[in-house]
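Report on the following structure.
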Amino acid sequence: TSRKTSTIAVDHLNLKLPNTGMVFVVGKSGSGKSTLLNMLGTLDNITSGDIIVDGKSLATANDAFLQEYRSSYLGFIFQDFLLLNEFTVRENIKIALDINSLNKENKIDEVIEKLGLKEIESNNVKNSSTGQKQRVAIARVLVINACIILADEPTGSLDNKNSKEI
């Protein structure tokens, strides 16, 4: 017989986050940081307890609310970027607008300029450096103007200068 084992990733956590500013979650590898971000972003299920965002429970929210929450309220910057390698830098950024039915082409130019991606905006992402890919992933979140940005090691592949600018 096989035994089922369970791992408790986040336990007895009670947070109240500010409406503005940045919050950093630090800890050793395997301590549950990514799991916490995934629960806040509704990518992982909440098995007990609740997460309340703007007075709304994520644990009991319907699918329509969760879809809206994930698509327009949140922005994700993943460790592995989740870029479309056959798309250009610009197309990877624009897809965030398309998914959210936003028509803000001028915002793409602004974010590309701000993140130093102008020279490579027409290049396929697969030909970009790791640091460039990370900046494209960040640009994709900034272009939609999300209320909450969940970032899992957002500057881990950037040099000191770019890390400080981000």
Legend entry - Accessible carbon and sulfur surface of the chain relative to its total accessible area, %, 1.4 Å: 48 percent
Inset, instruction - For helix 89-99, report the angle its Cα long axis makes with the longest principal axis of the Cα atoms of the chain; keep it between 0 and 90° and round to the nearest 10°. - result: 50 degrees
Inset, instruction - Taking the dipole about the Cα centre of the chain, with the C-beta of Lys and Arg at +1 and of Asp and Glu at -1, give me whichever of 27, 160, 111 is farthest to the positive side. - result: 27
Inset, instruction - Using a 1.4 Å probe and ignoring any ligands, DNA or RNA, find the accessible area of residue 140 and quote it in Å² to the nearest 10. - result: 40 Å²
Inset, instruction - Using Cα centres only, tell me the gap between segment 36-51 and segment 133-163 in whole Å. - result: 22 Å
Inset, instruction - Using only Cα atoms, find the angle between the long axis of helix 105-114 and the longest principal axis of the chain, and express it within 0 to 90 degrees, rounded to the nearest 10. - result: 90 degrees
Inset, instruction - Please work out which option in (i) 1.23; (ii) 1.00; (iii) 1.08 gives Rg/Rh (Cα atoms, Kirkwood Rh) calculated from these coordinates, and answer with its label. - result: (ii)
Inset, instruction - Could you calculate the contour length gain from residue 28 to residue 79, that is, 0.36 nm times the residue separation minus the distance between their Cα atoms, to one decimal place in nm? - result: 16.8 nm
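Sorted by accessible area with a 1.4 angstrom probe, largest first, how do 165, 91 fall?
Heavy-atom accessible area, descending, gives 165, 91.
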Inset, instruction - Just tell me which aspartates and glutamates come within less than 19 Å, Cα to Cα, of residue 56; anything on the same chain fewer than 8 places away is out. - result: 44, 68
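How large is the Kirkwood hydrodynamic radius of segment 1-53, counting all unique pairs of alpha carbons, in Å? Intermediate values should be presented prior to the final figure.
Details: mean 1/r = 0.0768 Å⁻¹.
It works out to 13.0 Å.
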Inset, instruction - Mind checking which of 9, 149, 129 is farthest towards the positive end of the chain's charge dipole, using Cβ charges of +1 (Lys, Arg) and -1 (Asp, Glu) about the Cα centre? - result: 9
Legend entry - Cα long-axis angle, helix 130-142 against the chain (0 to 90 degrees, to the nearest 10): 70 degrees
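The values are calculated or read from the model by the stated rules, or taken from the named source; none is laboratory data. These figures come from a predicted structure and were not determined experimentally. Every residue, glycine among them, receives a Cβ derived from its backbone with ideal geometry; neighbour counts consider all protein chains shown. Note: accessible area is taken over every heavy atom of the protein model, side chains too, but ligands, DNA and RNA are not part of it. Shrake-Rupley method; radii C 1.70, N 1.55, O 1.52, S 1.80 Å.
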